[in-house]
1. Determine, from the Cβ-Cβ distance of Asp230 and Trp26 and an R0 of 35 Å, the FRET efficiency 1/(1 + (r/R0)^6), rounded to the nearest 0.05.
2. Multiply the residue separation of Asn48 and Lys181 by 0.36 nm, subtract the distance between their alpha-carbon atoms, and state the gained length in nm to one decimal.
3. When a/c reaches 1.5 or more, the comparison of a/b and b/c decides; with that in mind, is the range 26-167 rounded, prolate or oblate per its Cα gyration tensor?
4. Counting only C-alpha contacts under 8 Å and six or more residues apart, can you give the relative contact order of the range 227-278 as a whole percent?
5. For n ≥ 4 DSSP H runs only, could you compute -39500 (n - 2.57) per run for the chain, divide by its residues and tell me the 222 nm figure to the nearest 500?
6. Calculate the dipole size of the range 1-159 relative to its Cα centre from +1 charges on Lys and Arg beta carbons and -1 charges on Asp and Glu beta carbons; express the result in debye to the nearest 20.
7. So which of Lys130/Lys173; Lys89/Lys287; Lys160/Lys195; Lys17/Lys351; Lys64/Lys93; Lys17/Lys377 end up more than 23 Å apart, counting from Cα to Cα?
8. If amide hydrogens are placed 1.01 Å from N in the peptide plane, which non-local residues have theirs closer than 5 Å to the one on Gln11?
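Read the figures in this text as sums done on the coordinates, not as results from a lab. Computed from a prediction, not measured in an experiment: that's the story for all the values here. When we count neighbours, we look across all protein chains shown, and the Cβ atoms used for this are built from the backbone with ideal geometry, even at glycine.
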Amino acid sequence: MARTVVVVGTQWGDEGKGKITDYLAWKADVVVRSQGGNNAGHSIFFANKKYALHLIPSGVFNPKATNVMANGMVINPEALTEELDMLNKSGLKQPNLLISDRAHVVMPYHLIMDELQEELKQTDAIGTTKKGIGPAYADKASRIGIRFGDLTDKDGLTNKINLALKYYNPIFKAFGKPELKVEDLVNRSYAYGEKFRDNTIDTSIFLNEAIDKNKAILFEGAQGTMLCLDHGTYPYVTSSSPTAASVPLATGIAPRYIDEVIGVTKAYTTRVGSGSFPTEFENETTKYIRERGHEYGTTTGRPRRIGWLDINILNHAVRINGITGIAIMLLDVLTGIDEIKICTGYVLDGKKIHHIPGSYSDFSRCKPIYETYPGWKEDISQIKDVKDLPKNCINYLKQIERMTNTKITLVSVGPDREQTIILYKYFE
Ligand code: GDP
Ligand code: IMO
Ligand code: MG
């Protein structure tokens, strides 16, 4: 019986990972966010209320689950405080939250740097969420980062912030940005350290003990495979790896402890930010999908770009993540579209290919090859059994299974927790 389940996004993020995590969290003892930061925006909908989470794992609504923010994350303590306040105001009492002492802190200078880098790149800007994610991971790699465990050691913290500002202030000065003061930053950061002192532990030890006790553990992905620093559409990616392979490193558990990997997949494709997107289209159907699917960023409010489902991308994600089951999301959004396309391959410089080229300029020249399937008109949003779906809808799902050689284990027909068709029972 599977005890550890990893939830990953197979596209460019916003596939519905929050909904699936919340849904499965009711059977989990522990829910873990392993990487990324508040660039993520996970919407959860139940009892006619919508919640947007950015840092806190989507297991937070199950009072019995422990929520872990693991070492691979970059955490802005101010944003974390705001999110906790939002949950408190919504009536959710203090959640069980553990923070890794090795998670990196997103500092105020990371936000300024993110903004500045985007400005300097001009037309080549990534379209980041401007949450300081890239600079925070860069500092981690440059070995000038500040970790959560550092926040409660005032002298050590002062030295670390001093070092970081030796690097950042001359840059800010040169580009006309305000320079930051060591003391201000130390006081602010130390106050957050005190606030979260009791939550901050070695979460790797906690997780390994949970594995030893045979607890059910759910790893909630953020972003998506195509935004992976290694396997995504570099350089138009985020600064961490949102794949299943990153979970062991980003949480401190061994790779052999991963049992199942759910590839969360939108029934079509969306993307926010810049970068090529072979199946993107702009016509009346774009508007139809954007309005039905409320396709506006949870974090930035930007309208999401829309395209057809891309099997090249899905197979790339299946291969890299070792996906054992696919969750098809937002299937209800396609209701009412006469003809639905699936991209089955690309033509690159006159040649058919079935992979994602590593070269971004090659990827940008890829033209999609489509198969077209008839759509359906019936409302599917209340259907609980896959057999009750319209014939054309079942056919669409079957084509996806055939083209990926992977089982669909969950089908989502609406944002609410209840609007989920279950084909495989995880954690049972
Ligand atoms: P995440 O980042 O992967 O967690 O996804 P987001 O929450 O950013 O975006 C997914 C959006 O789709 C949210 O607004 C969800 O409430 C919504 N959603 C999730 N599943 C479904 C579904 O099956 N149908 C519809 N109509 N909306 C859904
Ligand atoms: P969830 O978890 C969609 C995108 C940004 C930008 C690129 C780099 O909600 O699926 P960053 O701020 O990370 O440096 O931005 O990555 N991006 C996301 N797009 N969903 C996300 O998270 C994203 N997190 C980052 O739009 O293109
Ligand atoms: Mg999102």
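1. Result of the calculation: an efficiency of 0.60.
2. So the chain would gain 43.4 nm between Asn48 and Lys181.
3. oblate
4. Relative contact order here is 25 percent.
5. Taking each H run of at least 4 residues, the total per residue is -9500 deg cm²/dmol.
6. Here the size comes out at about 700 debye.
7. Among Lys130/Lys173; Lys89/Lys287; Lys160/Lys195; Lys17/Lys351; Lys64/Lys93; Lys17/Lys377, the Cα-Cα distance tops 23 Å for Lys89/Lys287; Lys17/Lys351; Lys17/Lys377.
8. Excluding prolines and chain starts, which carry no amide H, the hits are Thr225, Met226.
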